[in-house]
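Below is one structure, written out as C-alpha coordinates; comments come after it.
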Amino acid sequence: MMDIDSSKDILECFIKGKFKRMNCPQCENTFLTNVYELKCFDHGKKLSVRCAQCKKVFLANTETSAWANYVILEKYALGLEYFYDAIQQYDLVRVPFIRRVGILDENDINLDPSVVQLFSYAEPDYRMIYVMERLEHLDEADAAFFTEHVYGMDWKDDKTRAEVLEWVATSYGETLAEDIRKLCRYYREHEAYLSWDLHGDNLMRRTKDGEIVVMDPFAPKMGEYLTEI
(Lines give C-alpha, C1' and ligand atoms only; values in the text may rest on other atoms or scores of the structure.)
Protein backbone atom coordinates (compact mmCIF):
# COMPACT_ATOMS: atom_id res chain seq x y z
CA MET A 1 0.00 0.00 0.00
CA MET A 2 1.24 3.50 -0.79
CA ASP A 3 2.40 5.49 2.20
CA ILE A 4 0.37 8.51 3.32
CA ASP A 5 3.01 11.08 2.33
CA SER A 6 3.24 9.72 -1.22
CA SER A 7 -0.53 9.73 -1.62
CA LYS A 8 -0.70 13.32 -0.36
CA ASP A 9 2.02 14.43 -2.80
CA ILE A 10 0.25 12.85 -5.78
CA LEU A 11 -3.18 14.15 -4.75
CA GLU A 12 -1.82 17.67 -4.25
CA CYS A 13 -0.30 17.65 -7.75
CA PHE A 14 -3.60 16.42 -9.17
CA ILE A 15 -5.66 19.12 -7.45
CA LYS A 16 -3.24 21.79 -8.69
CA GLY A 17 -3.65 20.56 -12.27
CA LYS A 18 -0.06 19.38 -12.64
CA PHE A 19 -0.95 16.22 -14.55
CA LYS A 20 -1.63 16.24 -18.27
CA ARG A 21 -4.91 14.62 -19.29
CA MET A 22 -4.60 11.87 -21.90
CA ASN A 23 -7.09 11.75 -24.74
CA CYS A 24 -8.68 8.27 -24.64
CA PRO A 25 -12.39 8.22 -25.58
CA GLN A 26 -12.34 4.44 -25.15
CA CYS A 27 -11.45 4.76 -21.45
CA GLU A 28 -13.83 7.66 -20.94
CA ASN A 29 -16.75 5.79 -22.48
CA THR A 30 -15.96 2.30 -21.17
CA PHE A 31 -14.94 3.16 -17.61
CA LEU A 32 -16.42 6.65 -16.98
CA THR A 33 -12.81 7.55 -16.27
CA ASN A 34 -10.43 10.38 -17.10
CA VAL A 35 -6.79 9.32 -17.49
CA TYR A 36 -3.76 11.53 -16.76
CA GLU A 37 -0.03 11.09 -17.21
CA LEU A 38 1.72 10.50 -13.89
CA LYS A 39 4.26 13.25 -14.49
CA CYS A 40 4.48 16.52 -12.65
CA PHE A 41 4.65 19.69 -14.75
CA ASP A 42 5.60 22.03 -11.91
CA HIS A 43 8.86 23.44 -13.33
CA GLY A 44 10.42 20.01 -13.59
CA LYS A 45 9.66 19.04 -9.99
CA LYS A 46 10.03 15.30 -9.41
CA LEU A 47 7.30 13.28 -7.77
CA SER A 48 8.44 11.84 -4.45
CA VAL A 49 7.78 8.37 -3.11
CA ARG A 50 9.28 8.07 0.35
CA CYS A 51 8.24 4.49 1.09
CA ALA A 52 10.97 1.98 0.13
CA GLN A 53 8.42 -0.76 -0.50
CA CYS A 54 6.40 1.47 -2.84
CA LYS A 55 9.55 2.39 -4.74
CA LYS A 56 10.17 -1.29 -5.34
CA VAL A 57 6.60 -1.75 -6.57
CA PHE A 58 6.98 1.24 -8.86
CA LEU A 59 10.14 -0.16 -10.45
CA ALA A 60 12.29 1.74 -7.97
CA ASN A 61 13.98 4.86 -9.28
CA THR A 62 11.54 7.77 -9.51
CA GLU A 63 14.29 9.98 -10.90
CA THR A 64 14.20 8.00 -14.16
CA SER A 65 11.30 7.31 -16.51
CA ALA A 66 9.80 4.67 -14.19
CA TRP A 67 6.70 6.81 -13.62
CA ALA A 68 5.95 6.53 -17.35
CA ASN A 69 4.66 3.03 -16.60
CA TYR A 70 1.81 4.41 -14.47
CA VAL A 71 -1.15 6.76 -14.88
CA ILE A 72 -3.65 8.67 -12.76
CA LEU A 73 -7.32 7.70 -12.96
CA GLU A 74 -10.12 10.10 -12.07
CA LYS A 75 -13.21 7.92 -11.69
CA TYR A 76 -16.84 8.92 -11.21
CA ALA A 77 -18.34 5.46 -10.56
CA LEU A 78 -17.83 2.68 -8.01
CA GLY A 79 -17.03 -0.18 -10.39
CA LEU A 80 -13.34 -0.11 -9.57
CA GLU A 81 -14.09 -0.36 -5.84
CA TYR A 82 -16.12 -3.54 -6.41
CA PHE A 83 -13.32 -4.85 -8.63
CA TYR A 84 -10.75 -4.20 -5.91
CA ASP A 85 -12.98 -5.98 -3.39
CA ALA A 86 -13.09 -9.01 -5.70
CA ILE A 87 -9.30 -8.88 -6.16
CA GLN A 88 -8.83 -9.03 -2.40
CA GLN A 89 -11.41 -11.74 -1.80
CA TYR A 90 -10.19 -14.10 -4.51
CA ASP A 91 -6.49 -13.21 -4.66
CA LEU A 92 -6.67 -12.50 -8.40
CA VAL A 93 -3.50 -12.54 -10.50
CA ARG A 94 -4.21 -11.11 -13.96
CA VAL A 95 -5.15 -7.66 -12.74
CA PRO A 96 -3.28 -4.32 -12.86
CA PHE A 97 -1.47 -2.68 -9.98
CA ILE A 98 -3.84 -0.04 -8.64
CA ARG A 99 -3.99 2.09 -5.48
CA ARG A 100 -6.52 4.72 -4.45
CA VAL A 101 -4.80 7.92 -3.34
CA GLY A 102 -7.82 10.06 -2.49
CA ILE A 103 -11.53 10.85 -2.72
CA LEU A 104 -12.44 14.39 -3.80
CA ASP A 105 -15.70 16.31 -3.59
CA GLU A 106 -16.72 18.98 -6.10
CA ASN A 107 -14.57 21.52 -4.27
CA ASP A 108 -11.45 19.28 -4.32
CA ILE A 109 -11.70 18.55 -0.60
CA ASN A 110 -10.23 15.15 0.26
CA LEU A 111 -12.97 13.07 1.91
CA ASP A 112 -12.72 10.33 4.49
CA PRO A 113 -12.63 6.84 2.89
CA SER A 114 -15.74 5.91 4.88
CA VAL A 115 -17.87 7.78 2.32
CA VAL A 116 -17.40 4.83 -0.06
CA GLN A 117 -20.31 2.49 0.57
CA LEU A 118 -20.51 -0.69 -1.49
CA PHE A 119 -23.62 -2.84 -1.88
CA SER A 120 -26.07 0.05 -1.97
CA TYR A 121 -27.82 1.87 -4.80
CA ALA A 122 -26.52 5.32 -3.93
CA GLU A 123 -24.73 7.18 -6.71
CA PRO A 124 -21.41 8.73 -5.65
CA ASP A 125 -21.26 12.53 -5.56
CA TYR A 126 -17.47 12.45 -5.43
CA ARG A 127 -14.47 11.42 -7.55
CA MET A 128 -12.01 8.69 -6.71
CA ILE A 129 -8.37 9.23 -7.66
CA TYR A 130 -6.13 6.22 -8.29
CA VAL A 131 -2.60 5.42 -9.39
CA MET A 132 -2.60 2.51 -11.83
CA GLU A 133 -0.03 0.86 -14.03
CA ARG A 134 -0.29 1.93 -17.66
CA LEU A 135 -2.29 -0.42 -19.90
CA GLU A 136 -3.04 -0.53 -23.61
CA HIS A 137 -6.15 -1.69 -25.43
CA LEU A 138 -6.27 -5.04 -27.21
CA ASP A 139 -6.10 -5.31 -30.97
CA GLU A 140 -9.38 -5.80 -32.83
CA ALA A 141 -9.16 -9.60 -33.08
CA ASP A 142 -8.50 -10.17 -29.38
CA ALA A 143 -11.08 -7.59 -28.33
CA ALA A 144 -13.70 -9.20 -30.59
CA PHE A 145 -13.05 -12.63 -29.05
CA PHE A 146 -13.75 -11.43 -25.51
CA THR A 147 -16.72 -9.30 -26.53
CA GLU A 148 -18.29 -12.23 -28.35
CA HIS A 149 -17.61 -14.97 -25.81
CA VAL A 150 -17.08 -13.43 -22.36
CA TYR A 151 -19.49 -10.50 -22.29
CA GLY A 152 -22.62 -12.68 -22.16
CA MET A 153 -21.38 -15.10 -19.50
CA ASP A 154 -23.86 -13.75 -16.96
CA TRP A 155 -26.89 -15.26 -18.72
CA LYS A 156 -25.32 -18.48 -19.99
CA ASP A 157 -25.79 -21.83 -18.23
CA ASP A 158 -23.01 -23.56 -16.30
CA LYS A 159 -22.07 -25.85 -19.19
CA THR A 160 -21.73 -22.97 -21.66
CA ARG A 161 -19.76 -20.88 -19.16
CA ALA A 162 -17.35 -23.77 -18.69
CA GLU A 163 -16.90 -24.01 -22.47
CA VAL A 164 -16.20 -20.27 -22.71
CA LEU A 165 -13.59 -20.47 -19.96
CA GLU A 166 -11.98 -23.43 -21.70
CA TRP A 167 -11.69 -21.34 -24.87
CA VAL A 168 -10.07 -18.55 -22.85
CA ALA A 169 -7.67 -21.00 -21.19
CA THR A 170 -6.69 -22.50 -24.54
CA SER A 171 -6.15 -19.17 -26.29
CA TYR A 172 -4.96 -16.92 -23.45
CA GLY A 173 -3.87 -19.15 -20.57
CA GLU A 174 -5.40 -20.89 -17.59
CA THR A 175 -4.56 -18.09 -15.13
CA LEU A 176 -6.64 -15.52 -17.01
CA ALA A 177 -9.50 -18.02 -17.41
CA GLU A 178 -9.46 -18.80 -13.68
CA ASP A 179 -9.54 -15.10 -12.75
CA ILE A 180 -12.50 -14.52 -15.09
CA ARG A 181 -14.28 -17.50 -13.50
CA LYS A 182 -13.75 -16.00 -10.03
CA LEU A 183 -14.92 -12.57 -11.17
CA CYS A 184 -18.08 -14.08 -12.64
CA ARG A 185 -18.66 -15.87 -9.34
CA TYR A 186 -18.27 -12.56 -7.47
CA TYR A 187 -20.79 -10.97 -9.83
CA ARG A 188 -23.30 -13.80 -9.32
CA GLU A 189 -22.97 -13.46 -5.55
CA HIS A 190 -23.74 -9.72 -5.77
CA GLU A 191 -25.87 -9.43 -8.91
CA ALA A 192 -28.53 -7.45 -7.04
CA TYR A 193 -25.98 -4.61 -7.02
CA LEU A 194 -23.82 -5.31 -10.09
CA SER A 195 -24.06 -5.94 -13.82
CA TRP A 196 -21.52 -8.12 -15.64
CA ASP A 197 -19.60 -5.79 -17.94
CA LEU A 198 -16.48 -7.69 -19.01
CA HIS A 199 -15.83 -7.39 -22.74
CA GLY A 200 -13.08 -6.68 -25.25
CA ASP A 201 -12.61 -3.05 -24.22
CA ASN A 202 -11.84 -3.81 -20.58
CA LEU A 203 -9.45 -6.65 -21.04
CA MET A 204 -6.18 -4.85 -21.68
CA ARG A 205 -2.43 -5.46 -21.96
CA ARG A 206 0.32 -4.33 -19.63
CA THR A 207 2.62 -2.03 -21.55
CA LYS A 208 5.70 -3.42 -19.81
CA ASP A 209 5.25 -7.10 -20.79
CA GLY A 210 2.15 -7.42 -23.01
CA GLU A 211 0.32 -9.68 -20.54
CA ILE A 212 -3.48 -9.48 -20.75
CA VAL A 213 -5.18 -8.31 -17.55
CA VAL A 214 -8.77 -7.65 -16.51
CA MET A 215 -9.82 -4.07 -15.83
CA ASP A 216 -13.06 -2.94 -14.16
CA PRO A 217 -15.44 -5.82 -15.12
CA PHE A 218 -18.54 -4.65 -13.22
CA ALA A 219 -21.12 -1.90 -13.69
CA PRO A 220 -22.86 -0.91 -10.44
CA LYS A 221 -26.66 -0.77 -10.38
CA MET A 222 -27.63 2.60 -8.93
CA GLY A 223 -30.44 5.05 -8.43
CA GLU A 224 -33.44 3.64 -10.28
CA TYR A 225 -32.88 0.17 -8.84
CA LEU A 226 -34.00 1.41 -5.42
CA THR A 227 -37.62 1.13 -6.43
CA GLU A 228 -37.21 -2.22 -8.17
CA ILE A 229 -35.64 -4.30 -5.40
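One residue is enough: does the stretch 63-84 have a residue meeting the conditions surrounded by fewer than 19 Cβ atoms within 10 Å (Cβ to Cβ), of a type outside the set (D, E, K, R), on the phi > 0 side of the Ramachandran plot and at pLDDT 85 or above? Taking every residue of the stretch 63-84 in turn, none turns out to be surrounded by fewer than 19 Cβ atoms within 10 Å (Cβ to Cβ), of a type outside the set (D, E, K, R), on the phi > 0 side of the Ramachandran plot and at pLDDT 85 or above.
Applying the set (1) farther than 25 Å from I72 by Cβ; (2) free of Cβ contacts under 8 Å to residues at least 40 places away in the same chain; (3) touching a Phe, Trp or Tyr at 6+ places or on another chain (Cβ under 7 Å) to G152 leaves exactly one unmet item: (3). For the condition modelled with pLDDT of 90 or more and closer than 15 Å to V93 by Cα, what is the one hit in E191, E133, E174, E166? Every option except E174 fails the conditions. Residues that are over 13 Å from the mean Cα position of the chain (by Cα) and in a loop (DSSP other than H, G, I, E, B) were ranked within the stretch 198-217; the one that is surrounded by the fewest Cβ atoms within 10 Å (Cβ to Cβ) is D209. Those strands (runs of 3 or more DSSP E) of the stretch 83-149 in which at least 2 residues are farther than 20 Å from H199 by Cα, considering only elements entirely within it, cover 98-104, 127-133.
The set of residues from the stretch 73-82 being within 11 Å of the chain's Cα centre (by Cα) and farther than 14 Å from L194 by Cβ comprises L73, E74, K75. Only residues that are outside any loop (DSSP other than H, G, I, E, B) and either of a type in the set (F, W, Y) or crowded, with 20+ Cβ neighbours inside 10 Å (or both) were counted in the stretch 178-197, giving 8.
The values are calculated or read from the model by the stated rules, or taken from the named source; none is laboratory data. Quantities reported herein were computed from a predicted structural model and do not represent experimental measurements. Backbone-built Cβ (ideal geometry, glycine too); neighbour counts: all protein chains shown.
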